[in-house]
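Every read-out reported here was derived from the displayed coordinates using simple, explicitly stated rules and does not represent laboratory data. What you see is a predicted model; the values in this text were computed from it and never measured. Glycine gets a Cβ as well: all are built from the backbone with ideal geometry, and neighbour counts include every protein chain shown.
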Amino acid sequence: MDGYLERNNNLRAMGFADYSEYLSSALWLLIKSRVLSRDNGRCRICGDFARTVHHMDYSLHVLRGNRDDKLLSVCDGCHQKVEFTGPNLDVKLSMEEAVRKTKKLLEIGSKQRKPKRRKGGGKLWIGLSYKAKHLLRKGRK
Ligand SMILES: [Zn+2]
């Protein structure tokens with residue numbers, strides 16, 4: 001069965017009319033804030049600021065909030081990339097293709113985000129907020 005069809009069936013079984021009703025529910029807002037704070041508000045693919053949570057799976061467990069491991073914080077740019085294709089990213093991928101593409105981008109992202117050695121002390125700066133970086137810089141003097 002197509003992943004999106006399965007999603008809609010599961011949502012109806014949970015009492016939601018459709019996906020947009022689910023996305024505005026208290027349940028989803030709770031799950032989303034939990035996942036974003038787990039990922040420190042950073043995109044799991046590129047490390048940028050994230051405000052979206054992407055589904056790798058729309059099973060009842062995930063939709064009910066019992067499987068956060070199937071959810072990823074992503075930035076708007078990466079979210080477009082994992083769900084759409086084509087030169088203008090305007091062709092929606094199937095659920096299965098989107099999952100494949102997400103895994104691929106996660107792999108590329110994790111390679112690119114290897115800790116970078118810096119002259120100062122080799123700290124991992126990526127993922128730190130501006131304020132944290134500022135404090136670290138001050139502490140070094
Ligand atoms: Zn990203």
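The magnitude of the dipole of region 23-106, with charges of +1 and -1 set on the Cβ of Lys/Arg and Asp/Glu and taken from the Cα centre, is near 200 debye.
Taken over the alpha carbons of region 18-64 as equal point scatterers, the Debye sum produces base-10 log I(q)/I(0) values at 0.15, 0.17, 0.24, 0.28 Å⁻¹ of -0.40, -0.52, -0.94, -1.12.
Neighbour counting of Cβ atoms within 10 Å sorts the residues I31, I45, I108, fewest neighbours leading, into I108, I31, I45. The modelled label-to-label distance for the pair K111/D48, using points 7 Å beyond Cα in the direction of Cβ, is 2.0 nm.
Quick one: work out Rg over Rh on the C-alpha atoms of region 1-81, Rh as Kirkwood radius. My calculation of the ratio gives 0.97. Computing FRET efficiency as 1/(1 + (r/R0)^6) for K101 and R67, where r is the C-beta to C-beta distance and R0 is 25 Å, gives about 0.75. Ordering S73, S110 by the number of other Cβ atoms within 10 Å of each residue's own Cβ, fewest first, gives S110, S73. Listing M14, M95 from fewest to most neighbouring C-beta atoms within 10 Å gives M14, M95.
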